[in-house]
Number of protein chains: 4
Amino acid sequence: MKNGDKNDPAKKYFDSNTTDRERAIFEGAITLGALYHQFVGASIHDPNVLEKAMEETATAQPFTKTAKVEITPPKEKQKPPYEYPELTGNMLKINISTEYNDERVELGMKYVSELDYPLMFIKKLKP
Amino acid sequence: MKNGDKNDPAKKYFDSNTTDRERAIFEGAITLGALYHQFVGASIHDPNVLEKAMEETATAQPFTKTAKVEITPPKEKQKPPYEYPELTGNMLKINISTEYNDERVELGMKYVSELDYPLMFIKKLKP
Amino acid sequence: MKNGDKNDPAKKYFDSNTTDRERAIFEGAITLGALYHQFVGASIHDPNVLEKAMEETATAQPFTKTAKVEITPPKEKQKPPYEYPELTGNMLKINISTEYNDERVELGMKYVSELDYPLMFIKKLKP
Amino acid sequence: MKNGDKNDPAKKYFDSNTTDRERAIFEGAITLGALYHQFVGASIHDPNVLEKAMEETATAQPFTKTAKVEITPPKEKQKPPYEYPELTGNMLKINISTEYNDERVELGMKYVSELDYPLMFIKKLKP
């Protein structure tokens, strides 16, 4: 039922020229922006628990079907009791997919050193 | 220079079939998701100051050209010193526009009572 | 080693009149404020996963020893695909304990209807 | 009326042994934790606008009387349109004061390179 939707009750609020592919992109991009800005800054104890929570939060968003989050904390440890890092964009990798009617889009986020920026991008559109 | 961009250094990370209109939608949706999840929960003293900060944050995002944020706190006051509300989606209205090359998109967010949901939507595409 | 600490490398940054009990209160209150403002706004799919992530984040804070988070989403469901609520203060109950040297403090957060406010409070000090 | 308060309607929720000084510390620490985790991650366009919003949010918290926030973005600029940094703990300096009845406490947050940590601390208690 999360599948893009003949019966989408919000459809009428959108410009009627919006294609299904554009809608799938729109929903995925919201999910990326939301995930990032909700969780960046959180203290990381067990990265896996935070990854799981971010994946669950992502798939609670309308039309987001799958989500995979990887957090790679820095290796060098700080001094206890101040040893736990907080989540920043350069530790984070996100892959999600969204569906709206017959369209399916894969989107991602990763730190790009060339830009020194946590880039969000459209990875794959349905041909 | 924020204008959509022949020289966008991130273009190569995107599926090469992504249209300029899709890219403008993508960037705007990230901005909406980011804004919402960054600021919801903040204690509101002077709504105008928070509105201004949200607008500035929005236009710091790549390709987001304009942003207008309206916060309408509930009228009934709580007891001092616990009288300041915190920002929730149903007090919030956002309008932004993004540009990528010759495409321009208007996007928004408002609380929709019919859905009991803070809906984000594509308001207007270039015909 | 998370235990309040003869060797706390940050001690010198504090007013030297700060008692151990005051320090335990200070650290607990930071944890409460941090937890609340980090996670409020997150979309809730499986409440247990978010509870667990909040507990892990809490105990990553210096001197916070235990954390118990309970999220009670509203019973009435919204329409799919817009059916997942986002975390607000009135769904949330937090209990944590902190230790600094021989002092131990219990602190909490719960929605207090009398105040219409998500109140944070000091539950129990060592007699 | 934000002044610590004979008529504090929340007082009964606290351990009755809580001193006024402890309560002032408690409220200040919540404010620090809240400010930090609410705003870290925000894209910075004009630092002054974000500073002002953080100060307003801080003084909306019960018993927090004054707040001064300084944001120092890194000097080296990234490439447009990806040139705006996001707020991290090591750009941030916060000073606040709280009052509860006759007690007044000064608290702060700054990045401490020795600890490689955004430390929150109790700066000055009333003698």
List pairs: first in the range D:107-127 and free of Cβ contacts under 8 Å to residues at least 12 places away in the same chain, second loosely packed, with under 15 Cβ neighbours inside 10 Å, Cβ under 6 Å, 6+ apart or cross-chain? D:Asp116/A:Gln78
Report whether or not D:Phe121 is in a strand (DSSP E or B), within 7 Å of another protein chain (Cβ to nearest Cβ) and under 18 Å from the mean Cα position of the chain (by Cα). yes
Quick one: which of C:Glu56, C:Glu103 is closer than 26 Å to B:Glu86 by Cβ, open to solvent by 10 Å² or more (accessible area, probe 1.4 Å) and modelled with pLDDT of 95 or more? C:Glu56
B:Thr66 fails exactly one of the following numbered conditions: (1) among the hydroxyl-bearing types (Ser, Thr, Tyr); (2) more than 14 Å from chain A (Cβ to nearest Cβ); (3) under 12 Å from the mean Cα position of the chain (by Cα); (4) open to solvent by less than 20 Å² (accessible area, probe 1.4 Å). What is the number of that condition? (4)
Test: A:Pro74 is over 27 Å from A:Thr19 (Cβ atoms) and within 13 Å of the chain's Cα centre (by Cα): no
Does A:Thr18 fit the bill of being open to solvent by 10 Å² or more (accessible area, probe 1.4 Å), under 16 Å from the mean Cα position of the chain (by Cα) and at the interface with another protein chain (Cβ under 7 Å from one of its Cβ atoms)? no
Restricting to the range B:6-15, give me the number of residues that are more than 7 Å from every other protein chain (Cβ to nearest Cβ) and part of a helix (DSSP H, G or I). 2
Please determine whether any residue of the range C:40-63 is part of a loop (DSSP other than H, G, I, E, B), polar (S, T, N, Q) and in contact with a helix residue (DSSP H, G or I) (Cβ under 7 Å, 6 or more places away or on another chain). yes
Can you tell me how many residues in the range A:70-118 are of a type in the set (A, V, I, L, M, F, W, C), assigned to a loop (DSSP other than H, G, I, E, B) and away from chain C (no Cβ under 14 Å)? 1
Might you let me know whether the range C:110-126 holds any residue that is over 21 Å from B:Thr88 (Cβ atoms) and modelled with pLDDT under 95? yes
With the first residue restricted to the range A:33-61 and required to be within 7 Å of another protein chain (Cβ to nearest Cβ) and under 18 Å from C:Ala60 (Cβ atoms), and the second required to be in a helix (DSSP H, G or I) and aliphatic (A, V, I, L, M), Cβ contacts under 7 Å at 6 or more apart or on different chains are A:Ala42/A:Leu50; A:Ile44/A:Leu50; A:Val49/C:Ala53; A:Leu50/C:Ala53; A:Lys52/C:Val49; A:Ala53/C:Val49; A:Ala53/C:Leu50; A:Ala53/C:Ala53
Reported set for the range A:75-95 where residues are open to solvent by less than 50 Å² (accessible area, probe 1.4 Å), over 15 Å from B:Ile30 (Cβ atoms) and of a type outside the set (S, T, N, Q) is A:Pro81, A:Tyr82, A:Glu83, A:Tyr84, A:Pro85, A:Glu86, A:Leu87, A:Met91
Being farther than 23 Å from B:Glu27 by Cβ and touching a Lys or Arg at 6+ places or on another chain (Cβ under 8 Å) is true for just one of A:Thr98, A:Thr72. Which residue is that? A:Thr72
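The values are calculated or read from the model by the stated rules, or taken from the named source; none is laboratory data. Just so we're clear, the structure is a prediction, and the values are computed from it rather than from any experiment. Methodologically, a virtual Cβ is constructed for each residue, glycine included, from the backbone with ideal geometry; neighbour enumeration extends over all protein chains shown. Note: areas computed on protein heavy atoms with side chains; ligands, DNA, RNA excluded. Shrake-Rupley method; radii C 1.70, N 1.55, O 1.52, S 1.80 Å.
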